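The values are calculated or read from the model by the stated rules, or taken from the named source; none is laboratory data. Because the structure is predicted, anything quoted here is derived from the model rather than measured. Using ideal geometry, Cβ is built from the backbone for each residue, glycine included, and neighbour counts are taken over all protein chains shown. What goes into the accessible areas is simple: the full protein's heavy atoms, side chains included, and nothing from ligands, DNA or RNA. Shrake-Rupley method; radii C 1.70, N 1.55, O 1.52, S 1.80 Å.
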Amino acid sequence: MSTSWIVIGVIVLLVLFAFGAYNRLVALGQRVSQAFADIDVQLKQRHDLIPNLVETVRGYAAHERGTLDDVIKARNSAISAQGPAQVSAAENQLSGALGRLIALSEAYPDLKANANFQQLASELSDLENKIAASRRFFNNAVQEYNTGIQQMPAALFAGMFGFTRKDFFDLGASRTEVEAAPSVKF
């Protein structure tokens with residue numbers, strides 16, 4: 001009789017542990033989803049700012065059609081992207097196009113002095129900082145989630161419950177540009 005109670009006790013403990021592991025992994029998964037939603041909000045604000053910025057630049061640098069078209073195409077691609085990997089790639093392309101657009105202001109002093117352009121560029125810079133912070137938060141949440149599904153003993157139950165690895169919001173090809181130290185020339 002006492003052996004059956006021990007077996008029942010062990011089974012109950014395993015079931016309780018499985019419930020605990022499942023709930024922890026669900027919470028970590030929700031944190032990843034919430035972090036991606038935060039990035040999405042910031043990206044939508046950036047997408048809404050871009051047409052105003054393009055129109056302002058167009059007024060001063062209409063013959064820079066290729067750069068303006070690149071920004072618009074990259075924005076449309078970023079808007080239609082789905083999932084962290086696709087969004088990350090599209091946003092990296094958009095960031096490059098925006099960098100070229102902002103660089104145009106150096107060639108056009110009147111544009112650089114325009115109050116509307118200055119305000120839009122400032123808003124864009126602020127959004128870029130918020131996006132960077134949201135990416136860090138998202139990548140931290142993904143790291144915790146991925147660690148959670150790989151650590152023992154939760155790893156025994158994670159696959160059974162359908163928990164799989166999540167992708168980081170990666171810088172992609174621009175990683176070398178970001179990690180490279182800036183060169184200063186006088």
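When 1/r is averaged over all different Cα pairs and the result inverted, which Kirkwood radius in Å belongs to the chain?
Roughly 19.6 Å, rounded to one decimal.
For segment 152-167 and segment 64-124, write down the distance between their C-alpha centroids in whole Å.
39 Å
By the gyration tensor of its Cα atoms, with a ≥ b ≥ c the square roots of the eigenvalues, what is the shape of segment 96-166: rounded for a/c under 1.5, prolate for a/b over b/c, or oblate?
Taking the square roots of the gyration eigenvalues as a ≥ b ≥ c, segment 96-166 is prolate.
Please state the charge dipole magnitude for segment 1-75, taken about the Cα centre, from unit charges on C-beta atoms (+1 on K and R, -1 on D and E), reported in debye and rounded to the nearest 20.
Once rounded to the nearest 20, the dipole reads 160 debye.
Placing +1 on the Cβ of each Lys and Arg and -1 on the Cβ of each Asp and Glu in the chain, which of Gln143, Ala61, Ile39 has its Cα farthest towards the positive end of the resulting dipole?
Projecting each Cα onto the dipole axis, the largest value belongs to Gln143.
Quantify, in whole percent, the carbon and sulfur part of the accessible surface of the chain (1.4 Å probe; protein heavy atoms only).
59 percent
Can you give the direction-averaged projected area of the convex hull of the alpha-carbon atoms in segment 1-55, in nm²? Don't skip to the answer; put the middle values down first.
Details: hull surface 13.9 nm².
The directionally averaged projection comes out at 3.5 nm².
Would you mind checking the tilt of helix 115-150 against the longest principal axis of the Cα atoms of the chain, expressed as 0 to 90 degrees and rounded to 10?
20 degrees
By how many degrees, 0 to 90 and rounded to 10, does the Cα axis of helix 2-60 deviate from the longest principal axis of the chain?
It is inclined by approximately 10 degrees.
Between 0 and 90 degrees, rounded to the nearest ten: what's the tilt of helix 65-80 against the longest Cα principal axis of the chain?
Taking Cα atoms only, the helix is inclined about 20 degrees.
Show me the ranking of peptides 138-146, 112-120 by mean Cβ neighbours inside 10 Å, starting with the highest. Walk me through the intermediate numbers first.
Details: 138-146: 18.2, 112-120: 14.7.
The packing order, highest mean first, is 138-146, 112-120.
Cβ neighbours within 10 Å, averaged per peptide: list 85-97, 34-46, 148-160 in order, most packed at the top.
Descending mean neighbour count gives 85-97, 34-46, 148-160.
Taking the solvent-accessible surface of protein heavy atoms with a 1.4 Å probe, what is the per residue accessible area of segment 1-87 in Å²?
60 Å²
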